[in-house]
Amino acid sequence: PKFLRALAERSLRGEVQEVTKILTGWDGFSSAKTLLDLGGGHGLYAIAACQKNPGLHAVIFDKPHVIDLTREFIRHYGMEDRISVMAGDIVTDDPGSGYDIVIISHLLYKFRAELPSIFKKVEASLKPHGLFVSNHWFCGPVCGTGSSGVKELDRSIHSYGHPLCHPEEFASEMFKNGLVVMKKAVI
């Protein structure tokens with residue numbers, strides 16, 4: 001577990017910092033009280049957000065076989081009093097409601113067919129005027145054209161299989177379920 005923790009922290013440090021900048025740049029961040037990290041695994045996004053906002057409490061929602069490792073990260077950062085874990089599956093279970101912030105990072109690649117129902121759950125989880133942060137890789141305009149083995153391998157490594165292909169369809173599904181794209185960032 002120590003090796004895995006060090007490896008995860010090293011590889012994610014820059015990305016966590018960039019997502020944290022987006023969170024702290026939101027006008028409502030300093031008054032936010034609750035955060036839901038769907039498929040949060042290691043919990044580093046929730047941990048970083050709670051470090052930046054001392055009044056913030058978080059729930060990390062992930063599959064039952066993941067949450068023991070999640071608890072280790074929470075203990076390592078001394079956040080047991082502000083971050084809890086909830087075991088479940090985003091497709092079949094309800095993560096609850098009343099959150100000021102919902103984060104999903106690198107989870108939706110394998111759930112392309114379930115995007116409408118997942119976005120419906122996200123919308124139901126958020127308080128009015130809450131913030132939803134989606135952190136995912138997209139292929140871009142060259143998806144499926146001129147691919148090489150090396151390019152495909154790179155995409156697979158960085159997106160746990162294959163990135164999402166059509167950002168406009170992703171945004172459309174969000175909009176259909178009450179979510180509005182306010183800002184896009186390349187990190």
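The values are calculated or read from the model by the stated rules, or taken from the named source; none is laboratory data. All of these numbers come straight from a predicted model, not from anything done at the bench. Neighbour counts are summed over all protein chains in view; Cβ atoms, including those assigned to glycine, are modelled from backbone coordinates with ideal geometry. Surface areas here come from the heavy atoms of the whole protein model, side chains and all, with no ligands, DNA or RNA. Shrake-Rupley method; radii C 1.70, N 1.55, O 1.52, S 1.80 Å.
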Go through the residues of segment 46-68 one by one and say whether even a single one is touching a residue at least 60 places away in the same chain (Cβ under 8 Å) and not in a strand (DSSP E or B). no
All positions within segment 30-43 that are modelled with pLDDT of 95 or more and open to solvent by less than 10 Å² (accessible area, probe 1.4 Å): A32, L35, L36, D37
Is it true that I22 is among the hydrophobic types (A, V, I, L, M, F, W, C), outside any strand (DSSP E or B) and open to solvent by 20 Å² or more (accessible area, probe 1.4 Å)? yes
Being open to solvent by less than 30 Å² (accessible area, probe 1.4 Å) and among the aromatic types (F, W, Y) is the filter; apply it to segment 109-160 and report the residue that is modelled with the highest pLDDT. F119
Looking only at segment 94-108, count how many residues are polar (S, T, N, Q) and either buried (at least 18 other Cβ atoms within 10 Å of the Cβ) or at pLDDT below 80 (or both). 1
Answer yes or no as to whether S97 is under 16 Å from E123 (Cα atoms) and either outside any helix (DSSP H, G or I) or in contact with a Gly (Cβ under 8 Å, 6 or more places away or on another chain) (or both). yes
Can you name every residue in segment 68-84 that is crowded, with 21+ Cβ neighbours inside 10 Å and either closer than 23 Å to K121 by Cα or basic (K, R) (or both)? T70, I83
